[in-house]
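Comments concern the structure below.
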Amino acid sequence: IMALISSFGIAYRLAEKYRTLDPLSAGAMSLVAFMMTIPQNTRFTPVHGAAEVIKGVIPVSMVGSQGLFVAIVISLLSTEIYRLVASRNLVIRMPDGVPPAVAKSFLALIPGFCVRAGVLARRLAVEASPFGDINSMIATLIGIPMHHVGGTLPGMIISVILIGILWTLGLHGDA
């Protein structure tokens, strides 16, 4: 569940940093947006039979480390959309007598709709492309060129230099 926790946590901390957003709402919006990007059709092959597609199943691999990059991008994107919509005062404000928790949830309704609509539009665009889903698109557009560059001498030199720089900064560069 690494990607799920990261999706919520990154948006929560970014919203805290802005100080004008409700961090809990930003984290929840990010988590919902990330779950919307996960393809929910899985191929299942029984022991004695042909492969069949099971709908409505969330692949566990997509909510782990394989979906981490998408979770990071979606959490940053959803929080920025939330901040943009909220800064333009496109929110529902409640009267002073309404409890703060209820007022915060109404403040997040329109920004949450904008986040979900944006993510849904991107998901449908990617699904209409030959990639099929966002993880496959990233693996194709970023992974294949990185694989070819990493297999060359200049790519390996750059990799070793980056590992050394990350170690001096306190990060375990090989990982």
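The values are calculated or read from the model by the stated rules, or taken from the named source; none is laboratory data. Small disclaimer: the values here were computed from a predicted structure and weren't measured. Note that we place each Cβ from the backbone using ideal geometry, even for glycine, and neighbour counts take in every protein chain shown. These accessible areas exclude ligands, DNA and RNA; they are computed on the full protein's heavy atoms, side chains included. Shrake-Rupley method; radii C 1.70, N 1.55, O 1.52, S 1.80 Å.
Brief remarks on what is shown
- The single condition from (1) of a type outside the set (Ser, Thr, Tyr); (2) in contact (Cβ under 8 Å) with a residue 12 or more places away in the chain; (3) open to solvent by 70 Å² or more (accessible area, probe 1.4 Å); (4) farther than 19 Å from Met35 by Cα that Pro100 fails is (2).
- Hits in the stretch 53-76 - residues which are in a helix (DSSP H, G or I) and touching a Phe, Trp or Tyr at 6+ places or on another chain (Cβ under 8 Å): Gly67, Val70, Ala71, Ile74, Ser75
- For the stretch 7-42, a residue qualifies if it is surrounded by fewer than 21 Cβ atoms within 10 Å (Cβ to Cβ) and of a type in the set (D, E, K, R), and the qualifying residues are Arg13, Glu16, Lys17, Arg19.
- Going through (1) over 13 Å from Val70 (Cβ atoms); (2) open to solvent by less than 50 Å² (accessible area, probe 1.4 Å) one by one, Ile165 falls short only on (2).
- Verdict on Pro95 being open to solvent by 60 Å² or more (accessible area, probe 1.4 Å) and part of a helix (DSSP H, G or I): no
- Against the test of being modelled with pLDDT of 90 or more, over 15 Å from the mean Cα position of the chain (by Cα) and not polar (S, T, N, Q), the options Tyr18, Tyr12 yield a single qualifying residue, Tyr18.
- Count - residues of the stretch 128-141 that are part of a helix (DSSP H, G or I), over 16 Å from the mean Cα position of the chain (by Cα) and either under 30 Å from Pro95 (Cβ atoms) or at pLDDT below 90 (or both): 2
- Options Thr42, Thr79, Thr37: the member that is in contact with a strand residue (DSSP E or B) (Cβ under 9 Å, 6 or more places away or on another chain), closer than 24 Å to Met137 by Cβ and either modelled with pLDDT of 85 or more or not charged (D, E, K, R) (or both): Thr42
- Taken over the stretch 58-92, the criterion of being under 20 Å from the mean Cα position of the chain (by Cα), open to solvent by 50 Å² or more (accessible area, probe 1.4 Å) and of a type outside the set (Phe, Trp, Tyr) is satisfied by Ile58, Val60, Ser61, Ser65, Gln66, Ile72, Val73, Leu76, Leu77, Glu80, Arg83, Leu84.
Here is a yes/no grid of residues against (1) touching a Phe, Trp or Tyr at 6+ places or on another chain (Cβ under 8 Å); (2) closer than 24 Å to Ile38 by Cα; (3) part of a helix (DSSP H, G or I):
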{"site": "Tyr82", "(1), (2), (3)": "no, yes, yes"}
{"site": "Leu90", "(1), (2), (3)": "no, no, no"}
{"site": "Val115", "(1), (2), (3)": "yes, yes, yes"}
{"site": "Val126", "(1), (2), (3)": "no, yes, yes"}
{"site": "Met156", "(1), (2), (3)": "no, no, yes"}
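- The residue list Ser65, Ser61, Ser30 contains one member that is modelled with pLDDT of 85 or more and either small (Gly, Ala, Ser) or in contact with a strand residue (DSSP E or B) (Cβ under 7 Å, 6 or more places away or on another chain) (or both), which is Ser30.
- In the stretch 104-123, residue farthest from the chain's Cα centre (by Cα) [restricted to those that are under 17 Å from Leu24 (Cβ atoms) and open to solvent by less than 20 Å² (accessible area, probe 1.4 Å)]: Ala108
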